[in-house]
Amino acid sequence: MRVDTRKLCVLAMLSALAFLLAAFVRIPIVPAVSFLRYDPKDIIIVIAGFIFGPLSAFVVTVVVSFMQMVTGVSATGQIGLVMNIAGSAAFCCTAAIIYKKNRNLKGALLGLIVGGVFATVVMMMLNYTIAPHFFGWPRERIAPLMLPGFLPFNLISNGVNIILTMLLYKRVKGVLQVARMMPRAEETEATGISRVGVTLTVILVVLACVLGMLIRFGVL
């Protein structure tokens, strides 16, 4: 039970961190679709999947996507919710599934690449079928943007996520181990949650909720 509580604690912290990144790091990367913004939340979500498995990645994806919708970070309501869940789950859960079967550098890289390709395909399909409702545009306006705009945006976004995940995964895992928020590889029994870990989690979750509400009501 103590392990389950620790896992819940870490997932709550990672969800809060992913939401903060989605809310405050939004970068246009392709001029043809400058209305699209890259955010790095999927890096945190896929790290959660690498640590705890694909189901945990999906849970964090849903939690973060709902937080984006209810706080107004994603201003497109239920359509935006569907697209956020689909895009993040396609990348993060796919990568986590492959890494779970091959827990080494090769498995991580393979999972991220396959997840990135799959997410790109999924988002291209959604961009063509759902984006007209998402933006309130006719499909005739969306179609010419598919290859020069949506495709490079998705490829670059997923490419950045792959590179940064490879650079950050072990560092994030190491920080969690130092904070005793997850067991080291050599540990065979559950250990308690440190006060530092609990404090960090509470601060991040509260901060995410407060900032989200400030965004929702137009203060920020």
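All of the numbers you see were taken from the coordinates with simple rules; none came from a lab. Worth saying up front: this structure is predicted, and the values here are computed from it rather than measured. Glycine gets a Cβ as well: all are built from the backbone with ideal geometry, and neighbour counts include every protein chain shown.
Just one of the listed residues (ALA32, ALA96) is over 26 Å from ALA16 (Cβ atoms), in contact (Cβ under 8 Å) with a residue 24 or more places away in the chain and touching a helix residue (DSSP H, G or I) at 6+ places or on another chain (Cβ under 9 Å), namely ALA32.
Just wondering, is there one or more residues in region 94-103 that are of a type in the set (Phe, Trp, Tyr), closer than 21 Å to GLY159 by Cβ and part of a helix (DSSP H, G or I)?
Yes, region 94-103 has at least one match.
With respect to the stated conditions, PHE50 fails to be surrounded by fewer than 17 Cβ atoms within 10 Å (Cβ to Cβ) and either of a type outside the set (A, V, I, L, M) or not in a helix (DSSP H, G or I) (or both).
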